[in-house]
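Reviewing the structure listed below.
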Amino acid sequence: MREFQKRMMCLWVVLVTMLIAEQTLAGDNPDWTTPIAPFHIAGNLYYVGSKDLAAYLIVTPRGDILINANLESSPPQIKASVEKLGIKLTDIKILLNSHAHWDHVAGSAKMKKMTGAKFEVMDGDVAVVESGGAKDFAYPTTHYPATKVDRILHDGDQVSLGGTILVAHKTAGHTRGCTTWTMQILDRGKPENVVIVGSWNVNAEFRLVDHPNKPASYQGIVDDYRKTFATLKALPCDIFLGAHGSYFNMLDKLKRVKTDPDVWLDPQGYQAAVAERESAFEAALAQQSKP
């Protein structure tokens, strides 16, 4: 009996620790959990995320595609946004992701159950999402519900539904399978190239170089980042979006959308953001390369 009580106490401590960790991480930015009204971006592309955690709905005649289920607490917010657009949540047939960090993928298991959608994930992130974060190179103790992947994607793979085609670009570094999504949409009679950046950031916990007793976060991480920036610079971009609204100044653009219908067209802003993030990566690499 005493041994059983000890085990239950240990389990309780673990559960409380996990809950506190999730609340702390989510609480780092209240904009992650603050809802906003869903809105139309262009063509068949809509925003259904929070003030900063982006989620995108692509509507087609054969069903819909959702990019990002976000935090474990996010699916009800996304559901409410989808339904405000007059769309049934069960119309979502495919669930995609930007990268396998808790703030973008922790809600995937719940969203998959709510919709019955197929979950498609880039190869480098499959082990992380199927382990519930336990195999994350930077945050292995930040756990979330594991989600079975239905289709493993590879760099350059296409996801198609109802005449809409998205291309999965492996832009690794931030995670091993970080994915930038591109698509071409027809908006007001004109084709526009959409880029949804997975991530380009070097988090404080990431180790880019080997040091005694502190190896790099994973071998090849620097090469991955450099390949990512080369890929991003080469992508044609008219409509610039990303996994966080802050990547593309979403809230500021929303204030201007009524007077500027072309506010989402921002190719210069995209190239400037890529250049700034590449400079930040190089600065982090230089700093970490010091003895």
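Report ³J(HN,Hα) in whole Hz for each residue of region 29-46, in order, from the Karplus equation J = 6.51 cos²θ - 1.76 cosθ + 1.60 where θ = phi - 60°; Gly and Pro get x.
Values per residue, Gly and Pro as x: 9, x, 5, 5, 10, 7, x, 9, 5, x, 8, 7, 9, 5, x, 9, 10, 10 Hz.
Run the simple label-point estimate for HIS154 and LYS227 please: 7 Å along Cα→C-beta, distance reported in nm.
Taking the simple label geometry, HIS154 and LYS227 are separated by 1.3 nm.
Note down the net charge around LEU153, summing +1 for each Lys or Arg and -1 for each Asp or Glu among other residues with Cβ under 12 Å from its Cβ.
Computed value for this residue: -3.
ASN201 to ALA80: FRET efficiency via 1/(1 + (r/R0)^6), r the Cβ-Cβ distance, R0 45 Å, to the nearest 0.05?
0.95
Hey, got the Cα dimensions of region 200-246 along the principal axes, in Å, largest first?
45, 22, 9
Here are some values of mean projected area of the Cα convex hull in nm²: (1) 13.7; (2) 14.8; (3) 17.0. Which one was computed from this structure?
(3)
Would you kindly state the longest site-free stretch of the chain, with sites defined as trypsin sites (Lys or Arg not before Pro) in a DSSP loop (not H, G, I, E, B) surrounded by at most 13 other Cβ atoms within 10 Å?
Formally, the longest exposed-site-free interval is 189-257.
Using Cβ counts within 10 Å as a stand-in for footprinting exposure, how do THR60, THR115 rank, fewest first?
The fewest-first ordering by Cβ neighbours comes to THR60, THR115.
Where does each of HIS211, HIS143, HIS101 land when they are ranked from fewest to most other beta-carbon atoms within 10 angstrom?
Ordered from fewest to most neighbouring Cβ atoms within 10 Å, HIS211, HIS143, HIS101 come out as HIS211, HIS143, HIS101.
Measure off 7 Å from each Cα along the Cα-to-Cβ vector at LYS214 and ASN29, then give the distance between these two points in nanometres to one decimal.
Simple spin-label model gives 2.5 nm for this pair.
Helix-only mean residue ellipticity at 222 nm, the chain, DSSP H runs n ≥ 4 weighted -39,500 (n - 2.57), per residue, nearest 500. What is it?
-10500 deg cm²/dmol
How do VAL257, VAL263, VAL59 line up, fewest other C-beta atoms within 10 Å first?
In order of increasing Cβ crowding within 10 Å: VAL257, VAL263, VAL59.
Starting from the 7 Å offset along Cα-to-Cβ, what nm value, one decimal, do you get for the label separation of ALA286 and THR90?
Each label point lies 7 Å from its Cα, and together they span 5.7 nm.
Quick one: Karplus J couplings for region 142-156, per residue in order, coefficients 6.51, -1.76, 1.60, θ = phi - 60°, nearest Hz, x for Gly and Pro?
Computed from phi, the couplings for region 142-156 are 8, 8, 8, x, 5, 10, 6, 8, 8, 9, 8, 9, 10, 3, x Hz.
Here is the link list: LYS190/LYS253; LYS148/LYS227; LYS110/LYS233; LYS255/LYS290. Which ones come out longer than 32 Å on Cα distance?
Violating the 32 Å Cα-Cα cut-off are LYS110/LYS233; LYS255/LYS290.
Taking the dipole about the Cα centre of region 33-288, with the C-beta of Lys and Arg at +1 and of Asp and Glu at -1, give me whichever of LEU96, VAL159, THR60 is farthest to the positive side.
Among LEU96, VAL159, THR60, the one farthest towards the positive end of the dipole of region 33-288 is THR60.
Please state the charge dipole magnitude for the chain, taken about the Cα centre, from unit charges on C-beta atoms (+1 on K and R, -1 on D and E), reported in debye and rounded to the nearest 20.
640 debye
Springs between alpha-carbon pairs under 10 angstrom, Gaussian network model over the chain: which of LEU254, LEU71, LEU166 fluctuates most?
Checking each option, the largest mean-square fluctuation is seen for LEU254.
Between ILE92 and residues 5 or more places away or on another chain, which pairs have amide H atoms under 5 Å apart, with H built 1.01 Å from N, and which residues are they?
ASP64
Here, each number is a calculation from the coordinates, and none is a lab measurement. These figures come from a predicted structure and were not determined experimentally. Neighbour counts are summed over all protein chains in view; Cβ atoms, including those assigned to glycine, are modelled from backbone coordinates with ideal geometry.
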